[in-house]
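K.L.:
Okay, here's the structure, questions in a sec.
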Amino acid sequence: KAGVTQTPRYLIKTRGQQVTLSCSPISGHRSVSWYQQTPGQGLQFLFEYFSETQRNKGNFPGRFSGRQFSNSRSEMNVSTLELGDSALYLCASSLQGTDYGYTFGSGTRLTVV
Amino acid sequence: KNEVEQSPQNLTAQEGEFITINCSYSVGISALHWLQQHPGGGIVSLFMLSSGKKKHGRLIATINIQEKHSSLHITASHPRDSAVYICAVREGGGADGLTFGKGTHLIIQP
């Protein structure tokens, strides 16, 4: 069966712009979570959605937002991009979320110039 | 907030050696995950543990809830095991998302 699909794979944006990343979970998975990975900070949790509701949110500024649609697909948005937002953004889907295994997508590599 | 510490940070070993990677955390958890990340970024979930021990092929994961410690073992290591291994925990109650360790960079030489 199809895995977790993230689009686009690579993205270059200019400071001050905004960006939207997309994540399509495995069919039947209702939970989607998002993570940021940088060389300095490692992996950090952004947010988690379950049945269109944000269930948890990490310690990131309000410029980072997300949503989940009725088909479980999820998007995350970063507004007013900063150089420090350059990172690999990963999403993972899970059957129900808490204490269930995760399947990760290949990630979107965002470069802010 | 949970503090997740992994050791060692880097490990180079010869093919066939028995490998152990350790993970300690500071606050009670509902689940601990071991993840594998290859160059290029793709992450694979290896294990999810809440107690005891799990085995999958040459990989074994154990957790001691009282000591707040988990280990990932690789038996008969192979160059294809070369990757970054990451420990992640979710605190009890699941109120927060995963907290990650910094990862262990493993290189298995032929």
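All of the numbers you see were taken from the coordinates with simple rules; none came from a lab. Quantities reported herein were computed from a predicted structural model and do not represent experimental measurements. FYI the Cβ positions are ideal-geometry reconstructions off the backbone, even for glycines, and counts take in every protein chain you see.
K.L.:
How large are Rg and Dmax for chain A when only the alpha carbon atoms are used, in Å?
P.N.:
Computed over the Cα atoms of chain A, radius of gyration and Dmax are 13.2, 38 Å.
K.L.:
So, one more: List B:D81, A:D85 from most exposed to least, where exposure is judged by having the fewest other Cβ atoms within 10 Å.
P.N.:
Details: B:D81 18, A:D85 21.
So the residues, fewest neighbours to most, are B:D81, A:D85.
K.L.:
Among A:R15, A:R67, rank each residue by its count of other Cβ atoms within 10 Å, from fewest to most, as a rough exposure measure.
P.N.:
Ranked by crowding around the Cβ, least crowded first: A:R15, A:R67.
K.L.:
What Rg and what Dmax come out for the protein assembly as shown when only alpha-carbon atoms are used, in angstroms?
P.N.:
Rg and Dmax of the protein assembly as shown, Cα atoms, are 17.3, 51 Å.
K.L.:
Treating only the Cβ of Lys, Arg, Asp and Glu as charged (+1, +1, -1, -1), what charge dipole size does chain A show about its Cα centre? Round to the nearest 20 debye.
P.N.:
Working: 11 positive and 6 negative charges, 39 e Å.
I would put it at about 180 debye.
K.L.:
Once all Cα-Cα distances of segment B:1-91 are split into 5 Å bins that start at 0, what whole-number percent is in each one?
P.N.:
Histogramming segment B:1-91 at 5 Å steps yields 3, 13, 26, 26, 18, 9, 3, 0 percent.
K.L.:
If the only charges are +1 at each Lys and Arg Cβ and -1 at each Asp and Glu Cβ, what is the size of the charge dipole of chain B around the Cα centre, to the nearest 20 debye? Mind dumping the intermediate values first?
P.N.:
On the way: 9 positive and 8 negative charges, 50 e Å.
About 240 debye.
K.L.:
For B:G28, what charge total do you get from the other residues with a beta carbon under 9 Å from its beta carbon, if Lys and Arg give +1 and Asp and Glu give -1? Don't skip to the answer; put the middle values down first.
P.N.:
Working: positive: B:K68; negative: B:E91.
For residues surrounding B:G28, the net value is 0.
K.L.:
Below 8 Å, C-alpha to C-alpha, sequence gap of six or more: please give me the relative contact order for chain B in percent.
P.N.:
Numbers: 282 pairs, mean separation 40.9, N = 110.
Reported as a whole number, the value is 37 percent.
K.L.:
Using R₀ = 30 Å, calculate the FRET efficiency as 1/(1 + (r/R₀)^6) where r is the Cβ-Cβ separation of B:Q66 and B:E17; round to 0.05.
P.N.:
Details: r = 29 Å, r/R0 = 0.98.
So, using R0 = 30 Å, E works out to roughly 0.55.
K.L.:
Using θ = phi - 60° and the Karplus form 6.51 cos²θ - 1.76 cosθ + 1.60, what ³J(HN,Hα) does each residue of segment B:63-69 get, whole Hz, x for Gly and Pro?
P.N.:
Running phi through 6.51 cos²θ - 1.76 cosθ + 1.60 with θ = phi - 60° gives 9, 10, 5, 5, 8, 6, 8 Hz.
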